[in-house]
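Please read the structure below before turning to the comments.
The values are calculated or read from the model by the stated rules, or taken from the named source; none is laboratory data. From a predicted model like this one, the values you see are computed outputs, not experimental measurements. Positions of Cβ are generated from backbone atoms using ideal geometry, with glycine treated the same way; all protein chains shown enter the neighbour counts.
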Amino acid sequence: MTADRKINQTIASLRGAKADMEAFSMETDNQNEQQMYSNCAQQLEQVVSNLKQRANQQGNNQMRQAGYGATNLRNQDRNQQ
């Protein structure tokens with residue numbers, strides 16, 4: 001399994017965990033638990049964001065090694081946004 005695929009699977013798992021935390025937060029009446037679950041969901045979102053950035057950097061590095069020029073990479077970055 002490639003590193004990209006592993007990262008994408010990890011991101012999907014983390015998004016599932018984030019959704020669980022948000023659901024737990026809505027299901028409890030305890031304010032402390034709500035806050036804890038919400039904080040966990042926010043932290044998981046940050047981890048997902050960091051992994052996505054890492055995956056993009058890794059992909060760009062692989063493309064450079066494969067001979068793609070910086071202009072092509074900039075155009076791809078613009079298209080992804």
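Descriptive notes on the structure:
- Candidates are the residues of the stretch 19-44 that are exposed (fewer than 15 other Cβ atoms within 10 Å of the Cβ) and closer than 23 Å to residue 4 by Cα; the one that is nearest to the chain's Cα centre (by Cα) is 43.
- A count restricted to the stretch 23-81 and to residues that are at pLDDT below 95 and aliphatic (A, V, I, L, M) stands at 6.
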